[in-house]
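Structure first, then comments.
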Amino acid sequence: MSAAEAGVVTGRRAVATTRPRWSTRLLRSELRLIAGRRRNQMGLLVLASVPIVMAIAVKVSEPEQGRGPDFLSSITSNGLFVPLAALGVEIGMFLPLAIAMLAGDAVAGEANIGTLRYLLTVPVHRTRLLAVKYASLCIGAVVGVMAVALPGAVIGIALFGTGPLTTLSGSQIGPGTAVWRLVLVMLYLASGLAGLAAVGLFISTLTEQPIAASIALLIFTILSWILDAVPQLGWLHPWLIVHEWMAFGDLLRDPIAWESVLRGLFINGAYAVVFWLAAWARFSSKDITS
Amino acid sequence: MSDDAGLAVQTDGLTKRFGQQVAVDAIGLAVPRGAVYGFLGPNGSGKTTTIRMLLGLVEPTAGTRSLLGLPMPERSGEALHRVGSLVEGPAFHPYLSGRSNLARLDAADIRADPRTAGRRIDAALDRVGLLAAAKKRYRAYSLGMRQRLAIAAALLAPRDLLVLDEPTNGLDPQGTREVRTLIGSLASDGTTVLVSSHLLAEVEQICSHLGVMREGRLVAQGTVSEVRGGGPAVVRVRTRQPEAAAVVLSELGVEQVRTAGGEVHGIPGALEPEKIVAALVHAGVGVQGFSVSTASLEDLFVALTGEGFDVSG
């Protein structure tokens, strides 16, 4: 068959079809879908409002020493403590809630409205779909942390300025170093949320009700915090995903106290791997009857 | 290319059990290339489960299946890209527009060329008459528009096989006719079409082949004339004296003689039609009309599926 004939024979398909290749189109589509949803936009606003409210409240009335969350009293000395204080408050519930909403939509949401069957018959390989869904949740975790930290940094610097930052060890670091420390804190907390997102993704493959999946992940988070607060369960604490999350304060010591942070990263990563694999085991063999 | 020879859809002993219930019982579908295959059966007879197994959504309990000569699920990526499908009604993101929904499905296809996406999406929307409503949110679509959008999604890329599950659900008579015309024009381009329906009238005019499901079993399959040939001929007599005519027919040995209004019908078996007319005239029965026909597809469908259009199982 000559090249010209081959062109004629395959011409009809060549217009629309190329070889399968690596592409970020689905991931970009997924991110547009998440970003375009009104509820998610509102969620980002809620996340962003907390540091703003905190900064204004502190500005209006200086807090008494020794009360309130860790960094609240330090806010007046350096604006960068606003995002840190806000992250400390929101990592407890608001940020996990945001991940729970996204994770509920990821698989259960698509199954609920029936779009899952059409994605799979496109076809999208189930492993690839799960990988893209998880990647978008991880990006969601980073964006969620940024939605707290960036407005917090802006309003904090605007209201309180950036002097040298007094670390938890008492020494002072320059503003440039301080920004890097804030970035490290953000990445560390995002890794925790990414580990949680894998749990959420797994739950999302178990049900066709996105709300049920979201609530289940929220219960998982709250239960982890409660168990972490019971001293008699000390043996369990190192295995709870939330146990080392608050260790992000160690990144503000001078020098940085890495031990707890590294342990936290390990647990976050272990949750991510174990639960992603569980999600895969469940999803790759699941009958899609929705 | 051996891939392109033979059957577009082939299953062997395809079975699906959900717990104790057998939804699909060892069926052997054979859809030749270029056919318009009407996949018929009452609601609950296993059509949709079969289609879900064909498309790799549901894993069979037993049996094998292949699409376009490619075994499933081993080569599902290659096969499904050439298959457009509509499964159990339309499903899209409600807060995205029709066009955005199609763009999402196209983005999911690693074999689709992003450079031609816009053109292909518009062409698909145009083909189902939705281009004017492309920017409307899906949630604002009527049921008919939703159904059309689902068909458009099946046409995003050139397909060798279309699997359409109840494509005319929710459409008005005009829309139903448009879908029939669309299927006809796609088939004339050489696309094989498997169209399922529980309403025979919707598909009988366009099908070249039929498969009839009943309670999870494939009870008949073949070309329309083969399936129809399976039914006995029926003689119909239109007359003002139906009782007298019925007596004559019964005496001649016509079976299952029934009277309905001004018409008597029965199954003549090997009896020659001429003799029936002669006997009627001889008995003084005024014959207004006389016909011999094979059973209508409708009659046959009811005969094959038993409970008619009721839900089975």
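Quick notes on this one:
- Of the residues making up the stretch A:241-290, those that are in a helix (DSSP H, G or I), closer than 15 Å to A:Phe202 by Cβ and of a type in the set (A, V, I, L, M) are A:Ala270, A:Ala272, A:Val273, A:Val274, A:Leu277, A:Ala278, A:Ala279, A:Ala281.
- Top-ranked residue in the stretch A:223-240 [being in a loop (DSSP other than H, G, I, E, B) and either among the aliphatic types (A, V, I, L, M) or in contact with a helix residue (DSSP H, G or I) (Cβ under 9 Å, 6 or more places away or on another chain) (or both); ranked as farthest from A:Leu165 (Cα to Cα)]: A:Leu236
- Identity of the residue in the stretch B:42-58, in a loop (DSSP other than H, G, I, E, B) and within 15 Å of the chain's Cα centre (by Cα), that ends up farthest from the other protein chains (Cβ to nearest Cβ): B:Pro42
- Of the residues in the stretch A:22-38, none is modelled with pLDDT under 95 and away from chain B (no Cβ under 13 Å).
- Members of the stretch B:207-227 found to be in contact (Cβ under 8 Å) with a residue 40 or more places away in the chain, surrounded by fewer than 19 Cβ atoms within 10 Å (Cβ to Cβ) and part of a helix (DSSP H, G or I), listed by number: B:Val224
- Checking B:Phe39 against (1) more than 15 Å from the chain's Cα centre (by Cα); (2) outside any helix (DSSP H, G or I); (3) buried (at least 24 other Cβ atoms within 10 Å of the Cβ), the condition it does not meet: (1)
- Verdict on B:Leu186 being without any contact (Cβ under 8 Å) to a residue 40 or more places away in the chain, closer than 24 Å to B:Leu7 by Cβ and either buried (at least 23 other Cβ atoms within 10 Å of the Cβ) or touching a Leu at 6+ places or on another chain (Cβ under 7 Å) (or both): yes
- Residue match in the stretch B:13-29 (condition: closer than 26 Å to B:Ser188 by Cβ, under 19 Å from the mean Cα position of the chain (by Cα) and in contact (Cβ under 8 Å) with a residue 40 or more places away in the chain): yes
- Unmet criterion (only one of (1) in contact with a helix residue (DSSP H, G or I) (Cβ under 8 Å, 6 or more places away or on another chain); (2) buried (at least 17 other Cβ atoms within 10 Å of the Cβ)) for B:Glu263: (2)
- Elements of type helices (runs of 4 or more DSSP H) in the stretch A:114-209, at least 2 residues being modelled with pLDDT under 95 and more than 22 Å from B:Arg104 (Cα to Cα): A:126-160, A:175-204
- Options B:Ala245, B:Ala220, B:Ala201, B:Ala187: the member that is more than 30 Å from B:Arg146 (Cα to Cα), among the small types (Gly, Ala, Ser) and under 14 Å from the mean Cα position of the chain (by Cα): B:Ala220
- Residue under evaluation B:Ser196, criteria (1) over 27 Å from B:Ala117 (Cβ atoms); (2) surrounded by 23 or more Cβ atoms within 10 Å (Cβ to Cβ); (3) within 14 Å of another protein chain (Cβ to nearest Cβ), criterion not met: (3)
- Any pair with Cβ under 9 angstrom, 6 or more apart, that starts in the stretch B:258-278 at a residue that is farther than 12 Å from B:Thr239 by Cβ and ends at one that is in a helix (DSSP H, G or I) and among the hydroxyl-bearing types (Ser, Thr, Tyr): B:Gly266/B:Ser250
- Hits in the stretch B:69-97 - residues which are at the interface with another protein chain (Cβ under 7 Å from one of its Cβ atoms), closer than 22 Å to A:Arg21 by Cβ and of a type outside the set (A, V, I, L, M): B:Ser76, B:Gly77, B:His81
For (1) of a type outside the set (Phe, Trp, Tyr); (2) crowded, with 23+ Cβ neighbours inside 10 Å; (3) over 15 Å from the mean Cα position of the chain (by Cα), each residue gets a yes or a no:
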{"residue": "A:Ala108", "(1), (2), (3)": "yes, yes, yes"}
{"residue": "A:Asn112", "(1), (2), (3)": "yes, no, yes"}
{"residue": "A:Pro164", "(1), (2), (3)": "yes, no, yes"}
{"residue": "A:Ser169", "(1), (2), (3)": "yes, no, yes"}
{"residue": "A:Ile173", "(1), (2), (3)": "yes, no, yes"}
{"residue": "A:Val199", "(1), (2), (3)": "yes, yes, no"}
{"residue": "A:Gln209", "(1), (2), (3)": "yes, no, yes"}
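- Among (1) at pLDDT 70 or above; (2) surrounded by 14 or more Cβ atoms within 10 Å (Cβ to Cβ), the one test that A:Pro63 misses: (1)
- Those residues of the stretch B:73-103 which are over 19 Å from the mean Cα position of the chain (by Cα), closer than 17 Å to B:Leu54 by Cα and surrounded by fewer than 19 Cβ atoms within 10 Å (Cβ to Cβ), in sequence order: B:Pro73, B:Glu74, B:Arg75, B:Gly77, B:Glu78
- Filtered residues of the stretch B:104-145 (kept if of a type in the set (Lys, Arg) and surrounded by 18 or more Cβ atoms within 10 Å (Cβ to Cβ)): B:Arg104, B:Arg111, B:Arg120
- Qualifying residue in the stretch A:109-122 (condition: in contact (Cβ under 8 Å) with a residue 24 or more places away in the chain, in contact with a Pro (Cβ under 6 Å, 6 or more places away or on another chain) and within 13 Å of chain B (Cβ to nearest Cβ)): yes
- Among the candidates B:Ser66, B:Ser100, residue that is more than 8 Å from every other protein chain (Cβ to nearest Cβ), of a type in the set (S, T, N, Q) and in a helix (DSSP H, G or I): B:Ser100
- Yes/no for B:Arg146 being among the basic types (Lys, Arg), part of a helix (DSSP H, G or I) and under 26 Å from B:Ser45 (Cβ atoms): yes
- Test for B:Thr50: is it among the β-branched types (Val, Ile, Thr), more than 21 Å from B:Gly190 (Cβ to Cβ), buried (at least 24 other Cβ atoms within 10 Å of the Cβ) and in contact (Cβ under 8 Å) with a residue 40 or more places away in the chain: yes
- Only listed residue being of a type in the set (A, V, I, L, M, F, W, C), closer than 24 Å to B:Leu57 by Cα and modelled with pLDDT under 95, chosen from A:Ile288, A:Ile256: A:Ile288
The values are calculated or read from the model by the stated rules, or taken from the named source; none is laboratory data. Being a predicted model, the structure only gives us computed values, none of them experimental. Positions of Cβ are generated from backbone atoms using ideal geometry, with glycine treated the same way; all protein chains shown enter the neighbour counts.
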